[in-house]
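Structure, as structure tokens:
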Amino acid sequence: MSTFETRALSVCIAVAVLALRTGAAVAADAPHFGQPISAADAAAWDISVGPDGAGLPPGSGTPAQGAVVYAEKCAACHGDKGEGKPNARLVGGQITGNGPVVKTVGSYWPYATTLFDFTRRAMPWTAPKSLTDNEVYAVTAYILRLNGIIGDNDVIDAKTLPQVKMPNRDGFIPLFPGKH
Amino acid sequence: MTKSQHRRGAESLPRVAGNGLIDRRVLLSQGTAIAGAIGVGAATGAAAEPLANDPWSLAPGITIPPYGQPSRFEGKTVRTLTNPKLEPRGSAARTPHHLLNGTITPNGLHFVIARGGFPDIDPDKHKLLIHGRVKQPMIFTVEALLRYPMTSRVTFLECGGNSAPLYAKDPIQANVQALHGLVSCAEWTGVRLSTLFEEVGIDPEAKWFLAEGADAPSMHRSIPVSKAMDDAMIVLYQNGERINPSNGYPMRLLLPGYEGNMNVKWLRRIKVVDGPIMAQNETMAYTILLPSGKAWQFFYPQEVKSFISHPSPGMTMKGPGFYEISGLSWSGNGRISKVEVSADGGKSWALAALQTPVLSKALTRFRMAWNWDGSAAILLSRATDEAGNVQPSRATFLAERGQPRASPPVTAFPMEHCNVISSWGVSAKGEVTNVYV
């Protein structure tokens with residue numbers, strides 16, 4: 001190794017040591033109090049489902065299976081066939097014309113994945129997150145069937161749910177980004 | 001001073017708009033002029049009761065309590081509740097603006113909307129998870145977050161459905177608590193969200209994150225990362241004390257100026273995601289259906305608005321004479337630059353005095369001096385923000401949003417982000433009502 005090379009190497013080492021020290025100083029001078037968690041451990045809380053189906057769990061359900069769950073867990077608030085009362089109507093309704101606006105899963109919701117996501121996290125009101133994933137798929141299928149969006153024998157699962165085209169899928173104008 | 005001199009004095013103050021509005025400068029710098037010119041009652045004085053010592057001046061008072069409560073004589077200054085028995089539906093609690101003054105809402109009176117009651121969270125067990133498109137997913141305990149550098153800001157929070165009753169076909173006769181009670185203002189203290197995003201190593205390409213609560217329905221919303229890097233905070237304190245349980249204890253997201261629902265309470269999870277998650281609260285709810293059948297989605301800032309709280313519907317004027325008209329104004333797009341008041345239904349307007357400091361995205365109180373002559377009047381307020389946005393008339397608003405078809409219950413939200421000018425009618429008897437002009 002020539003003198004020049006030696007000197008160059010030592011300069012490199014000095015720079016590297018300085019960089020390390022600076023990095024350490026930055027780390028210590030800023031608050032870093034988060035506790036690392038593995039993606040696998042974080043998954044236990046990860047209940048959000050995107051419109052592309054990302055986050056949908058294994059499992060499946062049919063309208064017939066859903067009718068049973070619905071009668072037991074949902075009908076008291078949403079009516080025997082999703083007609084509503086005392087709480088939100090889930091079936092039918094309309095958002096145009098001269099009659100009153102009635103927003104339902106069938107008339108207004110743009111994504112079927114939202115129905116799974118909302119039911120799993122928030123319903124039934126008295127015991128949210130108590131349904132199994134299969135029960136949520138089944139209730140989702142039943143409500144879609146009541147709205148005439150899927151057939152009697154359609155199976156709803158992680159693959160088929162994002163493919164369901166909701167009647168009002170193209171009914172929204174995003175203001176962000178853009179106007180705001 | 002005789003009564004006739006008193007009247008002459010009042011008349012000598014500068015009138016700046018029709019129906020008795022007085023130049024705001026008398027409120028700002030000529031307090032003595034008001035005192036001298038308008039006075040307080042007749043100087044000659046009717047036979048008054050003799051001054052006596054009341055019992056509280058003659059014996060020791062009451063032990064100072066560890067946590068003070070308002071006077072027992074102020075029992076009417078409470079929130080109104082839409083679901084006092086916690087039936088299986090959402091709950092709203094509205095702020096009594098007609099009974100308050102200033103700009104800061106006491107913590108116990110801050111408005112709340114909750115989907116399933118409020119959770120009784122043990123702060124030692126609460127965790128905030130940040131994951132998704134980050135280098136290292138992390139958990140932040142309350143204890144950990146309390147060690148971060150803090151920042152405070154005063155900001156309003158407003159439900160997207162606040163003021164929706166003004167969209168009703170016919171004027172709903174209710175007070176400002178019912179009409180405008182879903183807006184409040186507090187000083188919030190906490191940690192900048194950008195600080196935590198830097199710590200977990202957010203993907204620099206990421207554009208959206210979702211925020212989710214620890215409440216029973218796990219309420220969640222999608223939020224642009226740009227807001228996180230601008231002024232979003234995770235707040236732990238409300239008006240100096242730890243956040244009220246019904247407003248998010250032990251921590252909530254604060255997105256100054258944005259629709260209230262996005263300021264997720266009882267925050268327990270943030271996930272950096274590829275795009276909007278299309279939550280129920282950003283598809284079914286908090287979208288605005290237009291006459292075309294299309295609906296606006298992702299309507300974030302609460303736009304410029306004001307209303308007169310004193311006097312306001314349900315109140316009765318105490319006869320002709322001097323009144324201070326006052327109210328609240330705010331904008332999710334910055335500071336209020338001016339508020340104009342009319343006493344003649346919008347024929348003429350005068351600039352109101354703005355109570356300083358005027359803070360960005362915070363409630364700003366305006367005040368106007370008024371000599372009411374006892375005849376029928378219509379009071380309006382119109383706010384403008386520093387971005388130049390002007391609060392629209394009801395007619396302008398309806399031209400864009402469509403005509404209302406019904407007058408639903410006052411607690412319904414027939415039209416979100418409704419920021420029309422409020423109009424209060426004052427009858428010759430002094431009764432104040434909600435009217436349309």
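Test each condition in (1) more than 9 Å from every other protein chain (Cβ to nearest Cβ); (2) touching a Pro at 6+ places or on another chain (Cβ under 7 Å); (3) assigned to a loop (DSSP other than H, G, I, E, B); (4) of a type outside the set (Gly, Ala, Ser) for A:Asn153 and report the one that comes out false.
Tallying (1) more than 9 Å from every other protein chain (Cβ to nearest Cβ); (2) touching a Pro at 6+ places or on another chain (Cβ under 7 Å); (3) assigned to a loop (DSSP other than H, G, I, E, B); (4) of a type outside the set (Gly, Ala, Ser), A:Asn153 fails exactly one: (2).
Could you check B:Lys265 against (1) in contact with a His (Cβ under 8 Å, 6 or more places away or on another chain); (2) buried (at least 23 other Cβ atoms within 10 Å of the Cβ); (3) over 30 Å from B:Leu379 (Cα atoms); (4) of a type outside the set (Ser, Thr, Tyr) and say which number it fails?
(1)
Count, please, the residues in segment B:335-359 that happen to be surrounded by fewer than 24 Cβ atoms within 10 Å (Cβ to Cβ) and closer than 21 Å to B:Leu182 by Cβ. Steps first, answer last, please.
Pass one, segment B:335-359, residues surrounded by fewer than 24 Cβ atoms within 10 Å (Cβ to Cβ): B:335, B:337-338, B:340, B:344-351, B:353-359.
Imposing the further condition that a residue be closer than 21 Å to B:Leu182 by Cβ reduces the set to B:359.
Result for segment B:335-359: 1.
Can you tell me which residues in segment B:133-191 are out of contact with any helix residue (DSSP H, G or I) (no Cβ under 8 Å at 6 or more places or on another chain) and aromatic (Phe, Trp, Tyr)?
B:Phe156, B:Trp188
If A:Gly99 passes every condition in (1) more than 8 Å from chain B (Cβ to nearest Cβ); (2) at pLDDT 95 or above but one, which one does it miss?
Looking at each condition in turn, A:Gly99 falls short on (2).
How about segment B:360-387: which of its residues are over 13 Å from B:Asn19 (Cβ atoms) and either surrounded by fewer than 19 Cβ atoms within 10 Å (Cβ to Cβ) or not hydrophobic (A, V, I, L, M, F, W, C) (or both)? So that I can check it myself, show each step before the final result.
Residues of segment B:360-387 that are over 13 Å from B:Asn19 (Cβ atoms), as a first pass: B:360-367, B:381-387.
Once the filter is applied, which keeps residues that are over 13 Å from B:Asn19 (Cβ atoms) and either surrounded by fewer than 19 Cβ atoms within 10 Å (Cβ to Cβ) or not hydrophobic (A, V, I, L, M, F, W, C) (or both), segment B:360-387 yields B:Ser360, B:Lys361, B:Thr364, B:Arg365, B:Arg367, B:Ser381, B:Arg382, B:Thr384, B:Asp385, B:Glu386, B:Ala387.
Only one residue in B:Pro320, B:Pro404 is surrounded by fewer than 18 Cβ atoms within 10 Å (Cβ to Cβ), in the same structural domain as B:Ile421 (by TED's automatic domain parsing) and over 30 Å from A:Asn98 (Cβ atoms). Which one?
Values: B:Pro404 fails: over 30 Å from A:Asn98 (Cβ atoms).
One residue alone meets the criteria, B:Pro320.
Being touching a residue at least 12 places away in the same chain (Cβ under 8 Å), outside any strand (DSSP E or B) and of a type in the set (A, V, I, L, M, F, W, C) is the filter here; which residues of segment B:362-397 pass it?
Passing the criteria: B:Ala362, B:Leu363, B:Ala376, B:Ala387, B:Phe397.
Kindly indicate whether any position in segment B:251-262 is outside the structural domain of B:Gly334 (by TED's automatic domain parsing), farther than 27 Å from B:Arg365 by Cβ and of a type outside the set (Phe, Trp, Tyr).
Taking segment B:251-262 and keeping what is outside the structural domain of B:Gly334 (by TED's automatic domain parsing), we get B:251-262.
Checking the rest, the ones that are also farther than 27 Å from B:Arg365 by Cβ come to B:251.
Cutting the leftovers down to of a type outside the set (Phe, Trp, Tyr) gives us B:251.
Yes, segment B:251-262 contains at least one residue that is outside the structural domain of B:Gly334 (by TED's automatic domain parsing), farther than 27 Å from B:Arg365 by Cβ and of a type outside the set (Phe, Trp, Tyr).
Residues checked against (1) touching a residue at least 12 places away in the same chain (Cβ under 8 Å); (2) of a type outside the set (Phe, Trp, Tyr):
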{"site": "B:Leu290", "(1), (2)": "yes, yes"}
{"site": "B:Lys294", "(1), (2)": "no, yes"}
{"site": "B:Gly314", "(1), (2)": "yes, yes"}
{"site": "B:Gly327", "(1), (2)": "yes, yes"}
{"site": "B:Trp330", "(1), (2)": "yes, no"}
{"site": "B:Gly334", "(1), (2)": "yes, yes"}
{"site": "B:Val358", "(1), (2)": "yes, yes"}
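On the basis of being part of a loop (DSSP other than H, G, I, E, B) and facing chain B (nearest Cβ under 9 Å), does A:Pro167 make the cut? Reasoning before the result, please.
Values: part of a loop (DSSP other than H, G, I, E, B): yes; facing chain B (nearest Cβ under 9 Å): no.
So A:Pro167 does not fit the description; no.
For B:Tyr436, work out the one condition from (1) in a helix (DSSP H, G or I); (2) surrounded by fewer than 19 Cβ atoms within 10 Å (Cβ to Cβ); (3) at pLDDT 95 or above it doesn't fulfil.
Evaluating B:Tyr436 over (1) in a helix (DSSP H, G or I); (2) surrounded by fewer than 19 Cβ atoms within 10 Å (Cβ to Cβ); (3) at pLDDT 95 or above leaves (1) as the failure.
Restricting to segment A:42-93, what's the tally of residues that are more than 8 Å from every other protein chain (Cβ to nearest Cβ) and over 17 Å from the mean Cα position of the chain (by Cα)?
Total meeting the criteria: 30.
How many of the residues in segment B:409-432 are closer than 20 Å to B:Leu81 by Cα and either under 16 Å from the mean Cα position of the chain (by Cα) or buried (at least 22 other Cβ atoms within 10 Å of the Cβ) (or both)?
Of the residues in segment B:409-432, the ones closer than 20 Å to B:Leu81 by Cα are B:409-414, B:416.
Keeping just the survivors that are either under 16 Å from the mean Cα position of the chain (by Cα) or buried (at least 22 other Cβ atoms within 10 Å of the Cβ) (or both) gives B:416.
Of the residues in segment B:409-432, 1 are closer than 20 Å to B:Leu81 by Cα and either under 16 Å from the mean Cα position of the chain (by Cα) or buried (at least 22 other Cβ atoms within 10 Å of the Cβ) (or both).
Mind counting the residues in segment B:272-286 that are in contact (Cβ under 8 Å) with a residue 40 or more places away in the chain, facing chain A (nearest Cβ under 9 Å) and either in a loop (DSSP other than H, G, I, E, B) or touching a Cys at 6+ places or on another chain (Cβ under 6 Å) (or both)?
6
Give segment B:311-357 a look and list any residue that's within 21 Å of B:Ala186 (Cβ to Cβ) and in contact with an Asp or Glu (Cβ under 9 Å, 6 or more places away or on another chain), or say none.
If the condition is that a residue be within 21 Å of B:Ala186 (Cβ to Cβ) and in contact with an Asp or Glu (Cβ under 9 Å, 6 or more places away or on another chain), then B:Ser329, B:Trp330, B:Ser331, B:Gly332, B:Asn333, B:Gly334, B:Arg335, B:Ile336 are the ones that fit.
Please pick out the residue among B:Leu380, B:Leu363, B:Leu328 that is within 27 Å of B:Ile104 (Cα to Cα) and in contact with a Cys (Cβ under 7 Å, 6 or more places away or on another chain). Spell out the reasoning first.
Values: B:Leu380 fails: in contact with a Cys (Cβ under 7 Å, 6 or more places away or on another chain); B:Leu328 fails: in contact with a Cys (Cβ under 7 Å, 6 or more places away or on another chain).
So the residue among B:Leu380, B:Leu363, B:Leu328 that is within 27 Å of B:Ile104 (Cα to Cα) and in contact with a Cys (Cβ under 7 Å, 6 or more places away or on another chain) is B:Leu363.
I'd like the full set of residues that are more than 9 Å from every other protein chain (Cβ to nearest Cβ) and of a type in the set (Ser, Thr, Tyr), limited to segment B:126-152.
Once the filter is applied, which keeps residues that are more than 9 Å from every other protein chain (Cβ to nearest Cβ) and of a type in the set (Ser, Thr, Tyr), segment B:126-152 yields B:Thr151, B:Ser152.
From the list A:Asn98, A:Asn87, which one is surrounded by 15 or more Cβ atoms within 10 Å (Cβ to Cβ) and without any contact (Cβ under 8 Å) to a residue 60 or more places away in the chain? Outline the logic, then answer.
On the way: A:Asn98 fails: surrounded by 15 or more Cβ atoms within 10 Å (Cβ to Cβ).
None of the others qualify; the one that does is A:Asn87.
Tell me which of these B:Arg269 doesn't satisfy, since it passes every other one: (1) in contact with a helix residue (DSSP H, G or I) (Cβ under 6 Å, 6 or more places away or on another chain); (2) part of a loop (DSSP other than H, G, I, E, B); (3) at the interface with chain A (Cβ under 9 Å from one of its Cβ atoms).
The single condition B:Arg269 does not satisfy is (2).
The values are calculated or read from the model by the stated rules, or taken from the named source; none is laboratory data. Remember, it's a predicted structure, so these values are computed and weren't measured experimentally. Don't worry about glycine lacking a Cβ; one is built from the backbone with ideal geometry, like all the others, and counts go over all protein chains shown.
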